[in-house]
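Report on the structure given below.
The values are calculated or read from the model by the stated rules, or taken from the named source; none is laboratory data. Remember, it's a predicted structure, so these values are computed and weren't measured experimentally. Cβ: placed from backbone, ideal geometry, glycine included. Neighbour counts: every protein chain shown. These accessible areas exclude ligands, DNA and RNA; they are computed on the full protein's heavy atoms, side chains included. Shrake-Rupley method; radii C 1.70, N 1.55, O 1.52, S 1.80 Å.
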Amino acid sequence: MTIRSVRRRTVRLAGGGAAALLALTACGSSGPSASSAASAGKPSGTVTVFAAASLKEGFTALGRTFEAAHPGTRVVFDFGGSDTLAASITSGAPADVFAAASPRTMQTVTDAKDAAGTPVTFVRNRLEIATPPGNPRGIRGLADLAAPGLKVALCAAEVPCGAAARKALDAAGVRLTPVSYEQDVRSALTKVELKEVDASVVYRTDVRAASGRVDGVEFPESSRAVNDYPVVLLKNAPNAGAAREFVALVTSPEGAKVLTGAGFLAP
Amino acid sequence: MTSRTPSDAAARPGRGGPRRPDARRLRRGVPPALLLPALLGLAFLVLPLVGLLVRAPWSDLPRQLADPQVWQALRLSLTTATAATAVVLVLGVPLAWLLARTEFPGRRLLRALVTLPLVLPPVVGGVALLLALGRNGIAGRWLDSAFGITLPFTTAGVVVAEAFVAMPFLVISVEGTLRAADPRFEEAAATLGASRLTAFRRVTLPLIAPGVAAGAVLAWARALGEFGATITFAGNFPGRTQTMPLAVYLALQDDPEAAVTLSLVLLAVSVTVLAALRDRWTAAA
């Protein structure tokens, strides 16, 4: 009870800050206001997208496509951990679109009634084992990770990639003690890139993004722990019109093509 | 607060004794131009703490404190921060002396380099440590092949990361004290036949003890709160490298209430330790 009332107070405070920020950005942007342009049907102005860190490569490409198709628009991204982004949104951060790496983090936003409409799953991601180039330890599947003397980094169970890795390891019946439970998927990948560990369990898209610096090993149990990525337009979107167009691009066949190119699976 | 009026101060002139005339002078009245920003500054520092206290899940506190992982992380934090402070003292005091008492080319550059860990984002510091002392690092490779020592993902690695970020606090504090200390005492010791090392041990060190102590406390506090370099260099494994700040960060991902509890435990312990230490020195100084 106390927690909830405090949170409401925080939201109101943060909302005030957001309003001030909005006023500032409104002063900064030239030309017709975003809402009037949106009602006229032609997207313009800045679209602010909060997206899971794993979407960086794919969304950056889609942002460029969007800006080219709609001159006068600009897509600004904040890539980060889905939990952190969700917390910013429920505290009143002025964002238009939220794309999360898990339904659970999206639920934080929908539960707080900060979403406009229902989230749509637009891609899925699955796990892969990342090894240093050339796979020097000859890892072929999850069972090999339990070999004695092998240093493995996993994501912590608190973050989505860690929860998925645990599910896959359970499905494979593999018990292993990693040297570290990393705070996010990119730091688990970095440990492999620096060759401080012999392997880590990360997303397929991360292996793709670091191609050349790490090798990927697929394993069948990854199908048991597939992550859905939902996207939604936010209720307090400062530029809802253009943002709706961006969500349409993300969920379109063209968007799917770009994102599968980055290693994602179609929903 | 209780003794701010001049009459009150006059009524209790004996407090503090003749050795502390400045304490009496302060009680004569504080100019608003100083008081107002001072109180604002205090509020600025204390308000986030109040936020934590208000948001703390008090009713759930006993259950969360019963979790052995909390105490494991706290014990690890206290031991590693203390070990890091010891490392910093052994290496940092001589370094500060070198910077304050000797002349050599490139000394100013060296001083700037000492503050490097302050400027470097701690996560970057952690990566730098991996590149230097990791399994494939420039020095770490040699450590591994010659002695079989690998620092990443070990408790020793936590101490290394904490000492790295905490060192500048001690060095800067001790160097400042050394510069303020009168070098003629050391010169006098030298004329009486003391070697430079003896003079350092018997004259300089006692002279700068308050500065060393203040620097050590700053370093300890910084080491206790260290997050970025630790999680990057030493990783995160309960009981081995998971210190309180790491536990707090991970709890924040899926259980913010537990994160608040953990933060409060860390704060309570560190405030208690620091307050106890502070009283001891001001009494001694």
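Annotations
- The protein assembly as shown - share of DSSP beta bridges that are antiparallel (%, nearest 5): 50
- Measuring gaps between exposed loop sites in chain B (trypsin sites (Lys or Arg not before Pro); DSSP loop; at most 12 other Cβ atoms within 10 Å), the longest gap, sites not included, is B:29-285.
- The Rg/Rh ratio of region B:61-153, with Rg taken over Cα atoms and Rh as the Kirkwood radius over Cα pairs, comes to 1.10.
- Partner chain coverage, peptide A:153-160 - average Cβ within 10 angstrom: 4
- Residues B:Leu65, B:Leu113, B:Leu192, A:Leu249, ordered by accessible area of protein heavy atoms at a 1.4 angstrom probe radius and largest first, appear as B:Leu192, B:Leu113, B:Leu65, A:Leu249.
- With coordinates expressed along the principal axes, the C-alpha atoms belonging to region A:127-224 extend over 29, 25, 24 Å, beginning with the largest.
- Calculated SAXS-style log₁₀ I(q)/I(0) at q = 0.12 Å⁻¹ - region B:211-285, Debye, Cα scatterers: -0.42
- For region B:67-284, diffusion coefficient by Stokes-Einstein and Kirkwood Rh (Cα), 37 °C, 0.692 mPa s, µm²/s: 175
- Contact order relative to length of region A:133-256, as percent, for alpha carbon pairs under 8 angstrom and 6 or more apart: 27
- Only DSSP H runs of four or more residues enter the estimate; each adds -39500 (n - 2.57), and after division by the residues of chain B the mean residue ellipticity at 222 nm equals -23000 deg cm²/dmol.
- Net charge of neighbours whose Cβ lies under 11 Å from the Cβ of B:Val203, counting Lys and Arg as +1 and Asp and Glu as -1: +1
- Whole-number percent relative contact order across chain B, with pairs defined as alpha carbons under 8 Å at least 6 apart: 25
- Value in Å of the Kirkwood radius, where region A:50-94 supplies the Cα pairs that are averaged: 11.4
- The charge dipole of chain B, taken about its Cα centre with unit charges on the Cβ atoms of Lys, Arg (+1), Asp and Glu (-1) only, comes to about 1220 debye.
- Averaging the sequence gap over all C-alpha pairs within less than 8 Å and six or more residues apart, then dividing by the number of residues, gives region B:109-183 a relative contact order of 28 percent.
- Residue-level accessible surface for B:Leu116, protein heavy atoms, 1.4 Å, Å²: 80
- Near A:Pro230, once Lys and Arg are set to +1 and Asp and Glu to -1 for all other residues with Cβ below 12 Å from its Cβ, the sum equals +1.
- Here is the P(r) of region A:47-177: all C-alpha pair distances, binned every 5 Å from 0, give 2, 9, 16, 17, 15, 13, 11, 8, 6, 3, 1, 0 in whole percents.
- Ordering B:Pro183, A:Val159, A:Ile89 by Cα displacement along the dipole of the protein assembly as shown toward the positive end leaves B:Pro183 in first place; charges were set at the Cβ atoms of Lys, Arg (+1) and Asp, Glu (-1).
- Cα centre as origin, Lys/Arg/Asp/Glu Cβ charges: the protein assembly as shown dipole, Debye: 1760
- Solvent exposure of B:Thr272, expressed as accessible area, is near 90 Å², computed with a probe of 1.4 Å over the protein chains only.
- Taking the square roots of 5 times each eigenvalue of the Cα gyration tensor of the protein assembly as shown, largest first, gives ellipsoid semi-axes of 48, 34, 23 Å.
- For A:Val214, neighbours were defined as the other residues whose beta-carbon sits under 15 Å from its Cβ, and their charges (Lys and Arg +1, Asp and Glu -1) total -1.
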